[in-house]
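These notes concern the structure reproduced below.
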There are 2 protein chains.
Amino acid sequence: MKKLGVEKPTSFFLKARHLDIQTGHSWIVVLHEDNAREYGVRAGDEVTLKWRHKETEVKVDLTKNLVKRGEIGLFQDIIKKYQITEGESLEISLAPPPSSLEAIKKKLLGEQLTSEEYHSIIADIVHYRLDDVQIAYFLASAFSKKGFSKEEIYYLTKAMAETGEMLEWSPNEIIADKHSIGGVPGNRTTPIVVSIIASLGIKIPKTSSRAVTSEAGTADVLEVLTPVEFSLEEIRQIVENTNGCMVWGGALKLAPADDRILRVSYELGIEPYSKMIVSIMAKKVAIGANRLVIDMPIGEGTKVQSIAEARKIRDIFLYLSRKFKIKTKVLIEQVDGPIGRGIGPILEIRDVLRVLQQKDNRPIDLERRAVKLAGILLELTGKARFVSGEKLAKRQLVSGAAEKKFREIITTQGGKVPSDSEQLTLGAVKHDLVSPYSGRVKRINSGELIRIARLLGSPYTKEAGIYLHKKRGERVEKGELIATLYTNSQQRLGLAVDELKGKDLFYIK
Amino acid sequence: MKKLGVEKPTSFFLKARHLDIQTGHSWIVVLHEDNAREYGVRAGDEVTLKWRHKETEVKVDLTKNLVKRGEIGLFQDIIKKYQITEGESLEISLAPPPSSLEAIKKKLLGEQLTSEEYHSIIADIVHYRLDDVQIAYFLASAFSKKGFSKEEIYYLTKAMAETGEMLEWSPNEIIADKHSIGGVPGNRTTPIVVSIIASLGIKIPKTSSRAVTSEAGTADVLEVLTPVEFSLEEIRQIVENTNGCMVWGGALKLAPADDRILRVSYELGIEPYSKMIVSIMAKKVAIGANRLVIDMPIGEGTKVQSIAEARKIRDIFLYLSRKFKIKTKVLIEQVDGPIGRGIGPILEIRDVLRVLQQKDNRPIDLERRAVKLAGILLELTGKARFVSGEKLAKRQLVSGAAEKKFREIITTQGGKVPSDSEQLTLGAVKHDLVSPYSGRVKRINSGELIRIARLLGSPYTKEAGIYLHKKRGERVEKGELIATLYTNSQQRLGLAVDELKGKDLFYIK
């Protein structure tokens, strides 16, 4: 494409100006704002100061008044330390642009990049050699010309995984994993799937995230019962002992570039599909998975919005899986409204326990999804050969083997599981919602449900949340209890009740 | 294009935690790093704190230890001021994304934008509602899909001009202007062109820039004789009185978005052609020009590198000129090496004065270029109807009318012109370079020449620079003087002489 070089000078000269100020900061120099603007230097930038064959690193402050254009202000500290005389000519050297910037330019101009080039970009992101603006140029290149080819997505994923820590397992060992793409409140299948898989002797080192925009993340929910923050080595130990784990992935150094990239994506508010796929797969590669089920729900509020989109995304997941030799299945399913009846950490872990303990009041939709996902994984691992995967998964629930495994993993992590799901204590401040009409629940507004749960205190206030007495498809009579709000303070309850005024959480017809 | 929303939450709740620290900063709150990362908040971000129907703006600091996840740390100052109790639930509201971000997304996804959309983007840049990362996404969109259409370049230019200050002149008045695209050392035609044009009763409100990567900008050179920083109203007065001015454009609020955009472009190191064109034309529109000559030299070190490129750029300039009703001519000319013999502020203004004073030792190449550019402008204005523009321009030089006008403008600006060009004092520390061979000068290395001039102190040390006794095409004998370096300190001279070791400034054959 048509382009011109925009030269930022690599160094320039300024005249030393003594400032009669003692700061205690011998590493700060002061530039005139005009010079800084002209040379592309920003407040806080680190530059190299050179004079008489000596040099030192300093940080830049800006001024309009302390020094004139063409001067560099030095505080007493630096003057004494280095004996720089007034009026002396100092060279200010800017850090050279990171080498990966050339690759970013090429990509913006529509060229394909090599595996090495992607590695250099991602390594420079991880080591803070590229700043946020440069990362933005890189992310924008995904929208340029042809975007990323499948091969480039592979290079990128590989680079993301390899620039972080990685877990290695014995050769030929089966390592299972699952990933749910977000947007469905209460979709807490992970503890159930991990328990079923591990109970059959298959390793599943599962990491989960915390909530960002949802009511709670799986890590927030598990935290009700157990610590979830471990080092990678501790995770390996837990998995070696129990075959499974249920931990927070956020503090690990798995594909660490992802974190910075996500923050820069926030500033635009959209990301290319490829970015989400790379982010998920890089973590699976880093954890050493070779059997993978991906749960991609489609429906109101979900991240992926249409079946057509979902299929395209699935194809890229499957391409990457072949490249990384991971046996993968992607489950695309229409999901309408929340899964389970509890929304909020304790309420959600109670749903999970009800399923594991096979209580009569267990949420069947949650059980069904977990069994389906576990079943697919069992088929991928070859464990389910004579019966179907789902049948085998269900058997582990019914026999109590999954619950036993769940207790074992949580105990190994230093947590404690109540002997009965009903022993969990919910928030003492509660408020019942009753139905204003008779009819059938047609829809529950997921977005509003999440907002209410957060107002009540979820995910930090573990006992806060909403219990849905009625769900989609169920009949309700006028005046009958439809949902209960839980929290720990009247103030929070007030916020939630205010929010509900004039809004329909349930559509009844 | 394929894309997904990346939701940054618009608000979230944290529990107040009292910190037993008196800071004097009642507007600073402390968040846990994990929360900040999750919610896309950065250190220094401004957020709104809401509680019990009250709210206030605060600035965010980050911590790993002072508070836990889910908590917000408050210093004694803010606690006392607002009576916030420990454990109270506070809502943290993030600033909503600027509305122009939607337009930037559209552009990145390959759509054409409307005039209104460009206006909103540029206004948000000027008013700091878009941050540097968001500006980078916008700039990157120039490389996406089809880039900017001609129409979009027009909208962008219009928005750039209209979001800054603009000069208005009487209707139907002829307002001339010129612009040289950089890269040629010593190309100091502006003072000569302005003097010629203004001497014929035509208004020419010329603004110039300072050096960024060159040895000196026209504003740096003029500063030898006169103040160059004026307000827009002062500029109007100078032009009303003398028909011309020669001032620094950098501190004016002409097309102010350009400044921020340039800094973000620095971070990538390239810009699309369209950006340069927009930047130049927006300033011409803002100053009210309706006759314009653009000097686009092609050669070693110039910004535009080939004739083919130059023609494409010219076509866009001419398209914009038609849209803005500016009569424009673009002069594309091969230029090899520096213009004139002086490189450095005083040496360059001496060359200018030698031309204006029609001295025998005047640099003919500088005079010829200035006369050519002035001639084109005179033809555009209709002033040169019976003789050619160049002939009329030359006449103003020979008759002394141009020099008289130059004195008048500089005096009006508060400066002083020496009665004779040779009265200017050069740096007292000097060093002669003699030719090691006999032969003809085939080429002068412009990049190296600029580097030496900067090492000697240009543009801040006005008396520093290089005088070229020999230029391209001239014959030199072994041992004959070929150039003289000037500066004001032995130290700087040492730097320059060191730099010259083993490098060829002149190619002689």
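When you check B:Val387 against the structure, is it in contact (Cβ under 8 Å) with a residue 24 or more places away in the chain, of a type in the set (Val, Ile, Thr) and not in a helix (DSSP H, G or I), yes or no? When the stated conditions are applied, B:Val387 does not pass them. Please verify whether the stretch B:291-307 includes one or more residues that are under 30 Å from B:Ile202 (Cβ atoms), small (Gly, Ala, Ser), more than 10 Å from every other protein chain (Cβ to nearest Cβ) and in contact with a helix residue (DSSP H, G or I) (Cβ under 6 Å, 6 or more places away or on another chain). No, the stretch B:291-307 contains no residue that is under 30 Å from B:Ile202 (Cβ atoms), small (Gly, Ala, Ser), more than 10 Å from every other protein chain (Cβ to nearest Cβ) and in contact with a helix residue (DSSP H, G or I) (Cβ under 6 Å, 6 or more places away or on another chain).
Looking at the structure I just gave you, is A:Val335 away from chain B (no Cβ under 14 Å), of a type in the set (A, V, I, L, M) and buried (at least 19 other Cβ atoms within 10 Å of the Cβ)? When the stated conditions are applied, A:Val335 passes them. Of the residues making up the stretch B:468-501, those that are surrounded by fewer than 16 Cβ atoms within 10 Å (Cβ to Cβ), among the charged types (D, E, K, R) and within 14 Å of chain A (Cβ to nearest Cβ) number 1. A count restricted to the stretch B:265-284 and to residues that are more than 20 Å from B:Lys146 (Cβ to Cβ), crowded, with 23+ Cβ neighbours inside 10 Å and hydrophobic (A, V, I, L, M, F, W, C) stands at 2. Within the stretch B:140-173, being assigned to a loop (DSSP other than H, G, I, E, B), among the hydroxyl-bearing types (Ser, Thr, Tyr) and within 23 Å of A:Leu108 (Cα to Cα) holds for B:Ser144, B:Ser149. The one condition from (1) within 14 Å of chain A (Cβ to nearest Cβ); (2) over 21 Å from the mean Cα position of the chain (by Cα) that B:Lys329 does not meet is (1). A:Ala255 falls short on exactly one of the conditions (1) among the hydrophobic types (A, V, I, L, M, F, W, C); (2) surrounded by fewer than 23 Cβ atoms within 10 Å (Cβ to Cβ); (3) away from every other protein chain (no Cβ under 14 Å), and that condition is (2).
Scanning the stretch A:398-445 for residues that are polar (S, T, N, Q) and either surrounded by fewer than 19 Cβ atoms within 10 Å (Cβ to Cβ) or not in a loop (DSSP other than H, G, I, E, B) (or both) turns up A:Ser399, A:Thr411, A:Thr412, A:Ser419, A:Ser421, A:Gln423, A:Thr425, A:Ser438, A:Asn445. The residue that is farthest from A:Glu88 (Cα to Cα), among those in the stretch B:451-509 that are at pLDDT below 90 and acidic (Asp, Glu), is B:Asp504. Kindly indicate whether B:Ile204 is in contact (Cβ under 8 Å) with a residue 12 or more places away in the chain, among the aliphatic types (A, V, I, L, M), surrounded by 24 or more Cβ atoms within 10 Å (Cβ to Cβ) and in a strand (DSSP E or B). Taking the combined requirement at face value, the residue satisfies it. Once the stretch B:99-108 is narrowed to residues that are touching a residue at least 24 places away in the same chain (Cβ under 8 Å) and touching a Ser or Thr at 6+ places or on another chain (Cβ under 8 Å), the residue that is farthest from B:Ala36 (Cα to Cα) is B:Lys107.
Cβ-Cβ contacts under 8 Å between residues 6 or more apart (or on different chains), taken from a first residue in the stretch B:180-191 that is over 12 Å from B:Ser214 (Cα atoms) to a second residue that is part of a strand (DSSP E or B) and among the small types (Gly, Ala, Ser), are listed as B:Thr189/B:Ser180; B:Thr190/B:Ser180; B:Thr190/B:Ser208. Taken over the stretch A:335-368, residues that are over 14 Å from A:Lys471 (Cβ atoms) and of a type in the set (Lys, Arg) amount to 3. Can you tell me which residue is modelled with the highest pLDDT among those in the stretch A:348-387 that are of a type in the set (Gly, Ala, Ser) and farther than 22 Å from A:Val335 by Cβ? Restricting to residues being of a type in the set (Gly, Ala, Ser) and farther than 22 Å from A:Val335 by Cβ, the top hit is A:Gly382. Among residues of the stretch B:124-136 that are polar (S, T, N, Q), those with a beta-carbon under 8 Å from a residue that is part of a helix (DSSP H, G or I) at least six positions away or on a different chain give the pairs B:Gln134/A:Ala136; B:Gln134/B:Leu101; B:Gln134/B:Ile104. With respect to A:Val212, determine if the residue is without any contact (Cβ under 8 Å) to a residue 12 or more places away in the chain, of a type in the set (A, V, I, L, M) and either part of a helix (DSSP H, G or I) or assigned by TED's automatic domain parsing to the domain that holds A:Gln396 (or both). Against the criterion (without any contact (Cβ under 8 Å) to a residue 12 or more places away in the chain, of a type in the set (A, V, I, L, M) and either part of a helix (DSSP H, G or I) or assigned by TED's automatic domain parsing to the domain that holds A:Gln396 (or both)), A:Val212 qualifies.
Taken together, the residues in the stretch B:140-158 that are buried (at least 23 other Cβ atoms within 10 Å of the Cβ), more than 14 Å from every other protein chain (Cβ to nearest Cβ) and in contact (Cβ under 8 Å) with a residue 60 or more places away in the chain amount to 2. Among the residues of the stretch B:12-67, the ones that are of a type in the set (S, T, N, Q) and modelled with pLDDT under 80 come to 3 in all. Where helices (runs of 4 or more DSSP H) fall wholly inside the stretch B:33-139, the ranges with 2 or more residues that are within 9 Å of chain A (Cβ to nearest Cβ) and farther than 19 Å from B:Pro9 by Cβ are B:100-108.
Do the conditions hold for A:Gly183, that is, is it within 14 Å of chain B (Cβ to nearest Cβ), touching a Ser or Thr at 6+ places or on another chain (Cβ under 6 Å) and in a loop (DSSP other than H, G, I, E, B)? Answer is yes for this residue.
The values are calculated or read from the model by the stated rules, or taken from the named source; none is laboratory data. Keep in mind that what you see is a predicted model, and the values were worked out from it rather than measured. Cβ sites come from the backbone with ideal geometry, for glycine too, and all protein chains shown count toward neighbours.
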